[in-house]
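Below is one structure, written out as structure tokens, with a few remarks after it.
Coordinate-derived values only; no laboratory data. Values in this document were obtained by computation on a predicted structure and should not be read as measured data. We place every Cβ from the backbone using ideal geometry, glycine too, and count neighbours over all the protein chains shown.
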């Protein structure tokens, strides 16, 4: 197996009146660099609108794109699309031979900035190039979409764009997004990546573009498991809330968490909050969890049943009061709840709904107390950080640099993601 999983409750005890319990899954990608990797079928989709001329952004993107192409081998395919208000397919999908790589780098070097931002046109053209050769091999099919601005030509509605991202993911094409600078729509780029099964990056300085391209490429080249889905079968009466921002589908007493791909050496921390109904002392509830994924190289489907005990037991209030939650678990609960609160506060600020911030903060405080983690010094530090953000968000529109940095940090916390700002 190239993926393993284990699980742990904060506590297995439930009050007769009902309790909230937190369940943590650790999902790890395993692999050896000597093992043959899955080939890539990728498209580099580059914003060349007029704003890309500032801070030398387009030149740095061109350099980073050339770096990625040079790292590919003949087993891979790639295409390059550039867009402003018009869309140009710079390099149609080709095998990454030495000749094709050289020609593509020359074509990229000739790019210059243009007009507006037809993000949808560029993105969908790149995905079309990928789709033409999906059946050729067991490729990792991935679109890399980079922009520094707002979509203002073509499809601009976020709901419609995310619908396309979900449909493309269902067809096997993932979308990873790179937002450069302070003028792009982080809600849109994160949503495209989330629904599209890829990653979202905020690049605050154009000088760091190659770092992020290099980091994402390293992950793609070490991908060992694709389309991870964590299925939880719950006894009747239990409700589930995923503290990460993974997409969750629910039906009857089953929830499926869609975790995307995993690369060798990666650890995903997935935390769910379970709200349990009242019941009599001595009752035991048994949960079942199954991780499903596709091996990147072979294409074989795999299933791993979680073997850790997922039993919960109703007992007296006195015994529940004596339960001890580990310091590590308290810290993780606090960070996950804090990351969610930050996302909600920032959303309220972007929408100008300043009066919504106080209820969000009150709910966050209540959640910490209810989880029994308010006595942790680390969690209290997290609370202070969220409160400071809340004070800023409740007063006036936040500066774009501070808002985007806080948004990206909380996103990375929810996804156990690395930041490739530094090599």
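Observations
- The stretch between residue 97 and residue 258 holds 54.5 nm of extra length on full extension. This uses 0.36 nm per residue minus the Cα-Cα distance.
- Relative to the 2.2 N^0.38 Å rule of thumb, the stretch 327-415 has a C-alpha radius of gyration ratio of 1.03.
- Residue order for 148, 317, fewest other beta carbons within 10 angstrom first, comes to 317, 148.
- Whether the stretch 153-312 is rounded, prolate or oblate, judged on the alpha carbon gyration tensor where a/c under 1.5 counts as rounded: prolate
- Projecting the alpha carbon convex hull of the stretch 122-188 along each direction and taking the average yields 4.5 nm².
- Alpha-carbon centroid distance for the pair the stretch 393-407 / the stretch 111-169, whole angstrom: 28 Å
- In plain terms, the chain from residue 67 to residue 305 could stretch by 81.6 nm, reckoned as 0.36 nm per residue minus the Cα-Cα distance.
- The mean of 1/r over all pairs of different alpha-carbon atoms in the stretch 40-221, once inverted, gives a Kirkwood hydrodynamic radius of 15.7 Å.
- The mean of 1/r over all pairs of different alpha-carbon atoms in the stretch 208-258, once inverted, gives a Kirkwood hydrodynamic radius of 13.6 Å.
- The peptide list 372-378, 10-16, 352-358, put in order of mean Cβ contacts within 10 Å with the highest first, becomes 10-16, 372-378, 352-358.
- Angle between the chain longest axis and helix 400-415 axis [Cα atoms, degrees, rounded to 10]: 60 degrees
- Once the Cα-Cα distance is subtracted from the 0.36 nm per residue extended length, the residue 275 to residue 135 segment shows a gain of 46.0 nm.
- In this structure, residue 351 and residue 292 have a Cβ-Cβ separation that, at R0 = 35 Å, corresponds to a calculated FRET efficiency of about 0.40.
- The chain: angle of helix 377-395 to the longest principal axis, Cα-based, in degrees nearest 10: 60 degrees
- Order by protection proxy (mean Cβ within 10 Å, highest first), peptides 199-208, 275-284, 42-51: 42-51, 199-208, 275-284
- Within the chain, DSSP assigns beta bridges of which about 65% are antiparallel (rounded to the nearest 5).
- Label zone (residue 418, point 7 Å along Cα-to-C-beta; backbone nitrogen cut-off 19 Å) within the stretch 41-69: 64-65, 67-69.
- Working ranking of peptides 138-147, 403-412 by packing, defined as the average number of other Cβ atoms within 10 Å per residue, highest first, is 138-147, 403-412.
- On Cα atoms only, tilt of 209-221 relative to the major axis of the chain in degrees: 70 degrees
- Rounded FRET efficiency, nearest 0.05, which uses the C-beta distance separating residue 377 from residue 150 and R0 of 51 Å: 0.75
- Choice from 156, 270, 61 showing the highest fluctuation, given a GNM over the chain with Cα pairs closer than 10 Å: 156
- Comparing 218, 126, 334 in a Gaussian network model of the chain, where Cα atoms under 10 Å apart are tied by springs, the biggest mean-square fluctuation is seen for 218.
- Coarse-grained scattering of the chain at q = 0.13 Å⁻¹, given as base-10 log I(q)/I(0) from a Debye sum over alpha-carbon atoms: -1.16
- For the Cα trace of the stretch 1-59, dividing Rg by the Kirkwood Rh returns an Rg/Rh value of 1.34.
- Highest-MSF residue in the chain out of 344, 129, 103 [GNM, Cα springs under 10 Å]: 103
- The orientation-averaged projected area of the convex hull spanned by the Cα atoms of the stretch 365-423 comes to 5.3 nm².
- Alpha carbon convex hull of the stretch 52-141, volume per residue in cubic angstrom: 88 Å³
- By the helix-only formula, in which each DSSP H run with n ≥ 4 contributes -39500 (n - 2.57) and the sum is divided by residues, the chain has a 222 nm mean residue ellipticity of -12000 deg cm²/dmol.
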